[in-house]
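K.L.:
One structure coming up, written as structure tokens, with questions to follow.
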Amino acid sequence: MFSRKIQVRYEVAGTSEPCPLKWLDSFAMRNFTNSSIFDDTLPLQDGMIEVGSRVPIAELNRAMDDWFRRKGYLPAGAVLAVTEIGSPATPLQLK
């Protein structure tokens, strides 16, 4: 079910850091979106999750960005980047 590895990092003041496992757990355990599609997320470690094949990366990036900001995890001016490992696509970034 969790067939894709996803890297989740944020950049603030020119420094890129992996999102802490605490943040990723908070997102995965809270169904705040009322969208069952995000049920297929499994936090592994800082900056790393696995997701199912039906999870759209762009929507995941938007939902995580929204959740992290509402929780006060992301500081002002921070940019979240969600990247599928092994994918030729460039990281998605929200500003």
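K.L.:
Run the 1.4 Å probe and let me know the accessible area of residue 59, rounded to the nearest 10 Å².
P.N.:
90 Å²
K.L.:
How large is ³J(HN,Hα) for each residue in region 4-20, as worked out from phi by the Karplus curve 6.51 cos²θ - 1.76 cosθ + 1.60 (θ = phi - 60°), to whole Hz, x for Gly and Pro?
P.N.:
Per residue, the Karplus-derived 3J(HN,Hα) values read 10, 8, 10, 9, 10, 10, 9, 10, 9, 6, x, 10, 9, 10, x, 5, x Hz.
K.L.:
Based on the mean of other Cβ atoms within 10 Å per residue, sort peptides 69-81, 17-29 so the most packed one is first.
P.N.:
The packing order, highest mean first, is 17-29, 69-81.
The values are calculated or read from the model by the stated rules, or taken from the named source; none is laboratory data. These numbers were taken from a predicted model, which means no experiment stands behind them. Glycine gets a Cβ as well: all are built from the backbone with ideal geometry, and neighbour counts include every protein chain shown. Side chains included, ligands, DNA and RNA excluded: accessible areas come from the protein's heavy atoms. Shrake-Rupley method; radii C 1.70, N 1.55, O 1.52, S 1.80 Å.
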